[in-house]
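**Q** Got a structure here, written out as structure tokens. Questions coming.
The values are calculated or read from the model by the stated rules, or taken from the named source; none is laboratory data. Predicted model only: the values in this text are computed from it and were never measured. Here the Cβ positions follow ideal geometry from the backbone for every residue, glycine too, while neighbour counts run over all protein chains shown.
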Amino acid sequence: MTTYTSYDLVEFGQPLVARQRPMPEPAGTEVLLRVRRSGVCHSDLHIAEGYFDLGEEGKLRMADRGMKLPMALGHEILGEVIAAGPEAWPDSGDTLIGQTMLVHPWIGCGDCRACNAGDENECTRMRALGVIRDGGYATHVLIDHPKFLVDVEGLDLDTVTPYSCSGVTVYNALKKVGQLHQGEWLAVMGAGGLGLNAVGIARALGFERIVSIDIDQRKLQAAAEMGADAVLDGSREDALEELRRITGNQLLGVVDTVGAPSTSRLAIHALIKMGRYVVVGLYGGDLKMPLPWLAQKYLTIRGSYVGSCRDLRELIELVKAGKIKEIPVSSRPLGEVSRTLDDLKAGKITGRVVLNAD
Ligand SMILES: [Zn+2]
Ligand SMILES: [Zn+2]
């Protein structure tokens, strides 16, 4: 029997375990990929721990979200198509066998209003790869349908991989912030993989004044190199006053890639009238704010979660057009996935680590 190697979460809170699994046989429209690159995302830490912190509401447990172990995590996946089920390709005979493609991992139920409209990320019964179904911390991965594969020909394999989560997540969030007027500022909370991509993508989308906020000087340095006009150490006691000073009290948009009580507090206080606060980070805790501000400041508070396959294709077109500065990416062998998760947890990684499975 042919097998493949999968780095599985076997028990919540424990390191991943390398296991041999039988090679899947693609059925129907399924396609089998040989994984070439796999990005290591911060949300894998929460998933591996087994829960999200809901503040006063307790915990959101992955087991209650339908996650069953063992599971191969990893949702930033790039791979070569090596096999497909009999219904995978149109009758014209064109196939993607042999091609290296980026995977859109945010797959829905396939049979609801959102899924039928191509908005699988809005599906209430998502079956995301690396969460509900086996993901990319493995040598092989099975994908539902070739429509979730995105062409990345000519692009660097390491740097293109994180666009399928960190890139598309902030791209979608920035679209929700919408256009700002001349002189108005956008703040990006957090300068990790998502935050750095947010700076680069915001630049490409025409945001003119961008301030990056983090508590780590190395990450702020990386944000400046990505094109942020200003950076701010969010741990400063006078961070709010400083943010008002930097923006000339013209902060109209915030993308929060952290999603912690401290970042939400800074955002809500610093945003002026008509401000838009879009949260994508899943750090956890409670949002507390004076309710009258919602009305008096015309505030918009929105959540956003990953993006659609359409968003990912749009984003990759911007990348192909050379419009987006690439975040720093370092490469490690696939077998170092557990160590990489540890380093990520310890805050030791600037940019993204992309595992190489070639
Ligand atoms: Zn992710
Ligand atoms: Zn659905």
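**Q** Could you list all residues from the stretch 40-80 that are in contact with a strand residue (DSSP E or B) (Cβ under 8 Å, 6 or more places away or on another chain), of a type in the set (D, E, K, R) and either closer than 24 Å to residue 285 by Cα or outside the structural domain of residue 330 (by TED's automatic domain parsing) (or both)?
**A** 53, 59, 61
**Q** While we're on this one: Restricting to the stretch 275-292, name every residue that is part of a strand (DSSP E or B) and of a type in the set (Ser, Thr, Tyr).
**A** Of everything in the stretch 275-292, just one residue is part of a strand (DSSP E or B) and of a type in the set (Ser, Thr, Tyr), namely 277.
**Q** Take residue 83 and tell me if it is part of a strand (DSSP E or B), surrounded by 15 or more Cβ atoms within 10 Å (Cβ to Cβ) and assigned by TED's automatic domain parsing to the domain that holds residue 9.
**A** yes
**Q** Only one residue in 232, 266, 299, 294 is closer than 28 Å to residue 329 by Cβ, hydrophobic (A, V, I, L, M, F, W, C) and modelled with pLDDT of 95 or more, so which one is that?
**A** 232
**Q** Right, something else. Taking residue 265 as the residue in question, decide whether it is more than 18 Å from the chain's Cα centre (by Cα) and either crowded, with 20+ Cβ neighbours inside 10 Å or part of a helix (DSSP H, G or I) (or both).
**A** It is true that residue 265 is more than 18 Å from the chain's Cα centre (by Cα) and either crowded, with 20+ Cβ neighbours inside 10 Å or part of a helix (DSSP H, G or I) (or both).
**Q** Checking residue 151 against (1) more than 12 Å from ligand 2 (Cβ to nearest atom); (2) surrounded by 17 or more Cβ atoms within 10 Å (Cβ to Cβ); (3) under 19 Å from the mean Cα position of the chain (by Cα), which test does it fail?
**A** Here residue 151 clears every test but (2).
**Q** Let me ask something else. Take the residues in the stretch 101-142 that are of a type in the set (Val, Ile, Thr) and under 23 Å from residue 153 (Cα atoms); name whichever of them is nearest to ligand 1 (Cβ to nearest atom).
**A** 103
**Q** Within the stretch 95-122, take every residue that is without any contact (Cβ under 8 Å) to a residue 60 or more places away in the chain and surrounded by 22 or more Cβ atoms within 10 Å (Cβ to Cβ) and give me the one that is farthest from ligand 2 (Cβ to nearest atom).
**A** Out of the qualifying residues, it is 107.
**Q** May I pose another question? Keeping to the stretch 319-352, report how many residues are within 12 Å of residue 39 (Cα to Cα) and either part of a loop (DSSP other than H, G, I, E, B) or outside the structural domain of residue 155 (by TED's automatic domain parsing) (or both).
**A** 1
**Q** Right, next: So which of 253, 190, 275 is small (Gly, Ala, Ser), in contact with a Ser or Thr (Cβ under 9 Å, 6 or more places away or on another chain) and buried (at least 24 other Cβ atoms within 10 Å of the Cβ)?
**A** Residue meeting the stated conditions: 190.
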